1. With respect to residue 38, is the statement that it is more than 17 Å from residue 8 (Cβ to Cβ), at pLDDT 95 or above, over 9 Å from the mean Cα position of the chain (by Cα) and part of a helix (DSSP H, G or I) true?
2. Could you list, in sequence order, all residues of region 88-116 that are buried (at least 18 other Cβ atoms within 10 Å of the Cβ) and under 20 Å from residue 32 (Cα atoms)?
3. Does residue 7 satisfy the condition of being part of a helix (DSSP H, G or I) and either in contact with a helix residue (DSSP H, G or I) (Cβ under 9 Å, 6 or more places away or on another chain) or buried (at least 20 other Cβ atoms within 10 Å of the Cβ) (or both)?
4. Based on what the data block shows, is residue 56 in contact (Cβ under 8 Å) with a residue 24 or more places away in the chain, under 10 Å from the mean Cα position of the chain (by Cα) and within 20 Å of residue 22 (Cβ to Cβ)?
5. Just to check your reading of the model, which residue among 36, 41 is touching a residue at least 12 places away in the same chain (Cβ under 8 Å), out of contact with any helix residue (DSSP H, G or I) (no Cβ under 6 Å at 6 or more places or on another chain) and buried (at least 17 other Cβ atoms within 10 Å of the Cβ)?
6. So, residue 62, is that one in contact (Cβ under 8 Å) with a residue 24 or more places away in the chain, in a helix (DSSP H, G or I) and over 11 Å from the mean Cα position of the chain (by Cα) or not?
């Protein structure tokens, strides 16, 4: 929760190492812990669309930019843009749209912005 990189490294150095999965990257991204996220990706931790979506929903623009630059996937069904819009994160939403991330084809992105 607090991005303790030293603790994460220690846990992974144990025998057997503490397990991780896509939720680990998503948790770091959603909290904006970019250094933790970089460690995870460099060490081979898996990721999925939830990493970019989590960072987008919390407005962590630098984290979103880094994830996209590394080829992290986003939702092809609009959830990533909807998360940014729902959080009122215009800068993140603008970046995602410019990078080619699709808004919700059924209006969810606009509806999320309208509810904000």
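1. On the way: more than 17 Å from residue 8 (Cβ to Cβ): no; at pLDDT 95 or above: yes; over 9 Å from the mean Cα position of the chain (by Cα): yes; part of a helix (DSSP H, G or I): yes.
The answer is no for residue 38.
2. Across region 88-116, the qualifying residues are 89, 92, 93, 96, 101.
3. Working: part of a helix (DSSP H, G or I): yes; either in contact with a helix residue (DSSP H, G or I) (Cβ under 9 Å, 6 or more places away or on another chain) or buried (at least 20 other Cβ atoms within 10 Å of the Cβ) (or both): no.
Considered against the rule, which asks whether it is part of a helix (DSSP H, G or I) and either in contact with a helix residue (DSSP H, G or I) (Cβ under 9 Å, 6 or more places away or on another chain) or buried (at least 20 other Cβ atoms within 10 Å of the Cβ) (or both), residue 7 comes out as no.
4. Numbers: in contact (Cβ under 8 Å) with a residue 24 or more places away in the chain: yes; under 10 Å from the mean Cα position of the chain (by Cα): yes; within 20 Å of residue 22 (Cβ to Cβ): yes.
Spelling it out, residue 56 is indeed in contact (Cβ under 8 Å) with a residue 24 or more places away in the chain, under 10 Å from the mean Cα position of the chain (by Cα) and within 20 Å of residue 22 (Cβ to Cβ).
5. Numbers: 36 fails: out of contact with any helix residue (DSSP H, G or I) (no Cβ under 6 Å at 6 or more places or on another chain).
Matching residue, one of 36, 41: 41.
6. Values: in contact (Cβ under 8 Å) with a residue 24 or more places away in the chain: yes; in a helix (DSSP H, G or I): yes; over 11 Å from the mean Cα position of the chain (by Cα): no.
No; evaluated as a whole, the condition is false for this residue.
The values are calculated or read from the model by the stated rules, or taken from the named source; none is laboratory data. All values derive from a computational prediction rather than experimental measurement. Positions of Cβ are generated from backbone atoms using ideal geometry, with glycine treated the same way; all protein chains shown enter the neighbour counts.
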